[in-house]
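To start, the structure under review is shown below, and the notes come after it.
We did not get these values from a lab; they are worked out from the coordinates using the rules stated. Just so you know, these numbers come straight off a predicted model, no measurement behind them. Here the Cβ positions follow ideal geometry from the backbone for every residue, glycine too, while neighbour counts run over all protein chains shown.
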Amino acid sequence: MSWDVIYDKEKPCPCGVGTYREVYEMDDWNRTRENVTMSCLDCREKYVKKWFYKPDGEEYWRWVLKEVK
């Protein structure tokens with residue numbers, strides 16, 4: 001069983017200087033997985049990927065600032 005890459009994109013990071021990479025894959029059983037990697041060193045220290053869920057069940061993610069403790 002193998003995973004096929006559906007898309008592999010470089011997108012601008014939140015600060016606008018660097019990028020992050022988004023890879024979306026699907027296997028033979030139509031399972032999917034998504035991998036997001038922050039390439040920008042400044043944003044990697046400041047942001048995390050956070051999932052949000054709508055009442056209708058739709059899910060999406062955004063970059064949000066890390067909480068300072």
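Mean separation of Cα pairs under 8 Å and 6 or more residues apart, divided by the residue count, gives the chain a relative contact order of 23 percent.
With the simple model of a label 7 Å out from the Cα in the direction of the Cβ, Lys54 to Tyr7 spans 1.7 nm.
Rounded to the nearest 20 debye, the dipole magnitude of the stretch 3-65 is 400 debye, with +1 charges on Lys and Arg beta carbons, -1 on Asp and Glu beta carbons, and the Cα centre as origin. Going Cα to Cα from Lys46, which aspartates and glutamates come in below 20 Å? Please leave out same-chain ones fewer than 8 positions away. Hits, sequence-local ones excluded: Glu10, Glu22, Glu67. Database note for the chain: Cys without another Cys beta carbon under 4.7 angstrom, Cys15.
Computed 3J(HN,Hα) for the stretch 48-54, one whole-Hz value per residue from the Karplus formula 6.51 cos²θ - 1.76 cosθ + 1.60 where θ = phi - 60°, is 10, 8, 10, 8, 10, 10, 8, glycine and proline marked x. Residue ranges 19-25, 59-65 sort as 19-25, 59-65 when ordered by packing (mean number of other C-beta atoms within 10 Å per residue, highest first). Around the amide H of Tyr47, modelled in the peptide plane, lie the amide H atoms of Lys66, all under 5 Å away and 5 or more residues distant in sequence or on another chain.
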